[in-house]
Amino acid sequence: MNRLAAGILAALSLSAASIRGRVLDPSKAPVQGAVVRLSALDGSAQRTAVTAADGVYEFRETAPGTFLVSVPGAETARIESGAAHDLLLRLDRVESRVVITASATAQDIGETAKAFDVVDGAEMSRRAEFAVSEALRLVPGVRIAQLGGPGSLARIQTRGLRTFDTSVLIDGFRFRDAAAPQGDSMGFFADLLTVNTDRVEVLRGSGSSLYGTHAIGGVVNVVTDSGGGPLRADITNEGGGLGLYRGALKLAGGAWRDRLHYSGGLAHLNVTRGVDGNDPARNSSAHGFLRAQAGPRTSLSGRFFANDSFTGLNSSPFAAPLSALGTGLPVAATANVTFTPNPDDPDNHRAARFYSGLAAVNHQLAAGASVRAQYQGLYTTRDSRNGPVGGGFQPRFRSLDEFDSRIDTAALRSDVTRWRRHVLTSGYEFERERFDNHSANADPNPATRVFARTGVAQSSHAVFAQDQIRLVGDRLQATLGARWQSFRLSAPSFAGGAPRYQGAVFTAPPDAFTGDAALAWLAPSKGTKLRAHVGNSYRAPALFERFGTGFFAGTFTPFGDPRIAPERAVAIDSGFDQYLADSRVKVSGTWFYTRLRQVIGFDFSGLVNRNTDPFGRSSGYRNTGGGLARGMEWSVEATPVRRLRMKSAYTYTKAQERTSVLLGGSTRSIRISDHMFTAFATYRVVRGLDVTMDLFAASNYWFQFFAGGNRPFQFAGPKKADLVVSYTRALSDRWNAEFYTRIENFTGRTYFEDGFRTPGAWAVGGLKITR
């Protein structure tokens, strides 16, 4: 009994300890100014230190437990609190990184059992990218399309799936618009600037067991800079082609003996001309983070991300008359033959805002056991206004569509490390979402004037659990996870023309059960990792898909179906990572297969019968049979010499629908290129002078215009090459000046995205002051 009591007291007694060591170069000389990161194994906290002149780093007051210590250019170390460990730099090696999205806990990327990529701040800086969408363009299996120039709408597709099959997170919490047609984030994806972003992590494959709805094809997690260490600062100004100007300020550091970590950034983007000379776009963003260490066991943290944007919109591209095309097979989309690209629409614009705030409390109960309570509030609003001026279809009178959304998410989570072989994660999550839509026009006739509102709210409860297992001397690693989610729908409200939903029975979506299993076999002596991942996923029907409405020629039109069922999918992938030439080269290959068992589609082909549909619809959302996507991803990352870093990837995708909706009966999925190729290289010519080039190329793809019926159009895939040249010069011991120029699409290739014009060759010049 006395031994048991002593053991319990020992487990509960936590005292502060330090983790320290040195960072050494290949000749064992100390390295000053190296940024060292300490990551708690449960993913709850990350701290930063900068080495002194003697190469020493130190993290004070760390609670007992296991941590990952990393620095760019060195292998990640797994150590215990109170230990000392030196980090040896090998700048000619493929970098090792600590990531959290694959398992919601901290892991070395070399140990993850899932297909995973990271775009870190250093790469984004070398490529001079300022938008999350553009930063992801080179990730294997990922297709980024921007419908115009900077500031225009953008979309992401992963592994041949649809735009809303990729879940976007900010610091592990879902970032989405509950008022969007599919309840996803694509309406705000282009507005996400890298204002205070440390890195962007990309999980390819099913992620619903950890992250819930929409994580069918993959997960994108925007990770905020956690601050800490000495003061760091960036001041950026750039301008040039398309009438672009961008200014940004970022600060990060620590105070009170590093017990307080802070980071923050401001950015403003202003595009005055755009592609056709009349495509203005503005974006103002603020992104900040604060964490206070209340003691060795407890920390408090908060994060905010706010954005205000304005975009001048053009009319959507539209198809030529059917008589000009023939029938059956797809036709090559040529601007002056088969379709009209986006005509200028001077009185059409969109204003949007979002505010995301996160608060968290993390407390360590005992060595290897912690609990975390978190809350995120997310508010989004989109205000679209259009008038009778412009090409293509235009409303007779000035019209307004406003979509407001609020999502509140509260989570309670525990992480327990047992016997050094298990990391057990479990938790509960509550989410409440609300969607409000206001539509109006300026019709002078009160009898036909539109003024309507729709309001819907829904809540859900979820529980989840995961076990990460390390066996056979850490060579065999397995992850098992599961999630259950239940929904509750509040009574919707309608005003101003929605009688067709009156009398309908409104029920919540059915419960969602998802599971996930991943396995990795590591052979460190051979530099080999074999991995496999399988999981099922789902997407809850969006509130708009159930209750969405539209107005055409002053007439109310219901699009939603309150009876619609959720989407469900199963995904599997397997692959390898092989390190060669003393870890100077990394080769990866992945086979993937995703089957969409049941999906939600918008039917405008007349299959919805107005006479038999209970809501009098002739078009709208309904459940359909789904489809599948399969293929291969290959990538190579190499550092042949210290001055040169290279990456390249090739993706083959075959995506098909179960039921054809295209003229001629083809089941080929729209927007999907069979072949994609990316390349990236950065070379240091001399000290301070760097040259970076990246390339994205895709094969032809099919597209179906909303106003073009079921005719498929074939577009040439984009081929876009960018070049960045930068020169850095020291201003003092602490401050540096970087002069750079970025040339976008420097080959001047002309291509269209979904029929929208994209910029030819254009360039900007900039100055960045760093500390």
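Summary table
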quantity: Where a residue in the range 717-742 is free of Cβ contacts under 8 Å to residues at least 12 places away in the same chain and its partner, wherever it lies, is open to solvent by 10 Å² or more (accessible area, probe 1.4 Å) and in a strand (DSSP E or B), with Cβ under 8 Å and at least six apart; calculated: ALA730/ASN736
quantity: Qualifying residues in the range 458-475 (those that are modelled with pLDDT of 95 or more and hydrophobic (A, V, I, L, M, F, W, C)) - the one surrounded by the most Cβ atoms within 10 Å (Cβ to Cβ); calculated: PHE464
quantity: Tally of residues being in a helix (DSSP H, G or I) and open to solvent by 10 Å² or more (accessible area, probe 1.4 Å) across the range 190-208; calculated: 0
quantity: Residue in the range 747-768 that is touching a residue at least 60 places away in the same chain (Cβ under 8 Å), of a type outside the set (Gly, Ala, Ser), under 22 Å from SER125 (Cβ atoms) and open to solvent by 40 Å² or more (accessible area, probe 1.4 Å) present; calculated: yes
quantity: Qualifying residue in the range 567-580 (condition: within 30 Å of VAL505 (Cα to Cα), among the hydrophobic types (A, V, I, L, M, F, W, C) and either open to solvent by less than 60 Å² (accessible area, probe 1.4 Å) or in contact with a His (Cβ under 6 Å, 6 or more places away or on another chain) (or both)); calculated: yes
quantity: Enumeration of residues in the range 741-771 that are under 30 Å from GLN714 (Cβ atoms) and assigned to a strand (DSSP E or B); calculated: ILE743, GLU744, PHE752, GLU753, PHE756, ARG757, TRP762
quantity: Count of the range 636-663 residues which are hydroxyl-bearing (Ser, Thr, Tyr), at pLDDT 95 or above and open to solvent by less than 70 Å² (accessible area, probe 1.4 Å); calculated: 3
quantity: TYR579 over 25 Å from SER384 (Cβ atoms) and at pLDDT 95 or above; calculated: no
quantity: Enumeration of residues in the range 390-416 that are in contact with a Ser or Thr (Cβ under 8 Å, 6 or more places away or on another chain), open to solvent by less than 50 Å² (accessible area, probe 1.4 Å) and more than 30 Å from SER356 (Cα to Cα); calculated: GLY390, GLY391, GLY392, GLN394
quantity: Qualifying position, being open to solvent by less than 30 Å² (accessible area, probe 1.4 Å), touching a residue at least 60 places away in the same chain (Cβ under 8 Å) and closer than 20 Å to SER370 by Cβ, among ALA106, ALA49, ALA115; calculated: ALA106
quantity: Flag for ARG734 being more than 27 Å from the chain's Cα centre (by Cα), assigned to a loop (DSSP other than H, G, I, E, B), charged (D, E, K, R) and under 22 Å from LEU161 (Cα atoms); calculated: no
quantity: Near pairs, Cβ below 6 angstrom, 6+ apart or cross-chain, from the range 422-441 (more than 19 Å from ARG488 (Cβ to Cβ)) to any residue that is of a type in the set (Asp, Glu) and open to solvent by 40 Å² or more (accessible area, probe 1.4 Å); calculated: HIS438/GLU402; SER439/ASP401
quantity: Single unsatisfied condition, ALA517 versus (1) out of contact with any Gly (no Cβ under 9 Å at 6 or more places or on another chain); (2) in a strand (DSSP E or B); (3) of a type in the set (A, V, I, L, M); calculated: (1)
quantity: Qualifying positions in the range 217-248 - within 30 Å of LEU596 (Cβ to Cβ) and in contact with a Lys or Arg (Cβ under 6 Å, 6 or more places away or on another chain); calculated: GLY217, GLY218, VAL223
quantity: Filtered residue count, the range 363-377, keeping only those that are modelled with pLDDT under 95, among the polar types (S, T, N, Q) and open to solvent by 20 Å² or more (accessible area, probe 1.4 Å); calculated: 1
quantity: Test: residue in the range 84-95 that is within 21 Å of ALA571 (Cα to Cα), buried (at least 22 other Cβ atoms within 10 Å of the Cβ) and aliphatic (A, V, I, L, M); calculated: no
quantity: Pick from the range 275-306, criterion assigned to a strand (DSSP E or B) and out of contact with any His (no Cβ under 9 Å at 6 or more places or on another chain), ranking: most open to solvent (accessible area, probe 1.4 Å); calculated: LEU300
quantity: One residue from THR340, THR334, THR272, THR327 being among the β-branched types (Val, Ile, Thr), modelled with pLDDT of 95 or more and either open to solvent by 40 Å² or more (accessible area, probe 1.4 Å) or closer than 27 Å to TRP762 by Cα (or both); calculated: THR272
quantity: Residue count for the range 143-165, restricted to those that are surrounded by fewer than 24 Cβ atoms within 10 Å (Cβ to Cβ) and either outside any loop (DSSP other than H, G, I, E, B) or modelled with pLDDT of 95 or more (or both); calculated: 5
quantity: Qualifying residue in the range 694-715 (condition: touching a strand residue (DSSP E or B) at 6+ places or on another chain (Cβ under 9 Å), among the small types (Gly, Ala, Ser) and surrounded by 19 or more Cβ atoms within 10 Å (Cβ to Cβ)); calculated: yes
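Residue-by-condition table, conditions (1) surrounded by 15 or more Cβ atoms within 10 Å (Cβ to Cβ); (2) under 21 Å from VAL94 (Cα atoms); (3) in contact with a Phe, Trp or Tyr (Cβ under 9 Å, 6 or more places away or on another chain); (4) touching a residue at least 12 places away in the same chain (Cβ under 8 Å):
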{"site": "VAL599", "(1), (2), (3), (4)": "yes, no, no, yes"}
{"site": "ASP613", "(1), (2), (3), (4)": "yes, no, no, no"}
{"site": "LEU628", "(1), (2), (3), (4)": "yes, no, yes, yes"}
{"site": "TRP634", "(1), (2), (3), (4)": "yes, yes, yes, yes"}
{"site": "GLY665", "(1), (2), (3), (4)": "no, no, no, no"}
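The values are calculated or read from the model by the stated rules, or taken from the named source; none is laboratory data. Everything numeric in this text was worked out from a predicted model, so none of it was measured. Reconstructed Cβ throughout: ideal geometry from the backbone, glycine too, with neighbour counts over all protein chains shown. With ligands, DNA and RNA removed, areas are computed over all heavy atoms of the protein, side chains included. Shrake-Rupley method; radii C 1.70, N 1.55, O 1.52, S 1.80 Å.
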